[in-house]
Structures are given as structure tokens and as C-alpha cells.
Amino acid sequence: MAAGLPGTALAFTVRIRTSAGPPVSIDRIDQPSRALRVMIRPQLPVVVAAGEAREVVVEIQAVDCVHVARNAGLPFLEVTLSNERQKEAHSYILGDRYAGDLSKALTSACPEDRDQASPTPS
């Protein structure tokens, strides 16, 4: 896990490699929930040449605790890659460890009582 910016619920590093062919550009890394924001360092796009490896830090921030899913079973990241020939969008399920870490981080960032209605003034 990587250290995140203030307000970050979860931060981790992803290593991206290309083995052959033209350079690949990572144009976008995101996720589908409007309640979360994904921040990437360094800023995208990141270009990876054949035989090269680059690391990016992915930070997940809770921006709307009321709508954060408490138990996302198989959360995924949406990644857009391109090279000189084409552009492709992919969805990656990062597995049980990511799902567990994300769930714990979001529970910490958005405490259990967040869903309880505020008392009505009398």
C-alpha cells in the first residue's frame, strides 16, 4: 500500500509493463461509483515503452459517504489503454484482497452511523 493524500481511503501502487510492440499509453483509470473518486499519480496519460515498467499510485477517495457501497463484492477498475493503432477500454477485477482492503478503508472513511437519519429538530 502507498501513502495517500489527505482524504484518501485507500492508496496502492500498480506496476504496468509492456513486453513488445509500440508504446502503450494508460489514458484513464477509474471506477463506476459516483460516491468515490480515483486520483492517479503521476497524472495520466502515462506512456510505457516495450520492455519498460512504470508505477502509478491509485488513490481511492470517498466523496459521498451516503452512497458508498458498504460491501462491494467484486469491485473493479476501468482502464483505458491506447497505442498508435487503437484505443481499448478494459475492466479489471483486482481480487479478494483488494475488495477486503477497499471495504475496510471505506468503512473507516465513512463510519457505520453515516446512514442513520439526522434527528429532526423539535
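Derivation of every value follows stated rules applied to the coordinates shown; laboratory data play no part. Small disclaimer: the values here were computed from a predicted structure and weren't measured. Because the Cβ atoms are built from the backbone with ideal geometry, glycine has one as well, and the counts that use them run over all protein chains shown.
Numbers for the structure displayed
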item: The range 8-109, Rg to Rh (Cα coordinates; Rh as Kirkwood inverse mean 1/r); result: 1.01
item: Environment charge of residue 74, counting only residues whose C-beta is closer than 13 Å and scoring Lys/Arg +1, Asp/Glu -1; result: 0
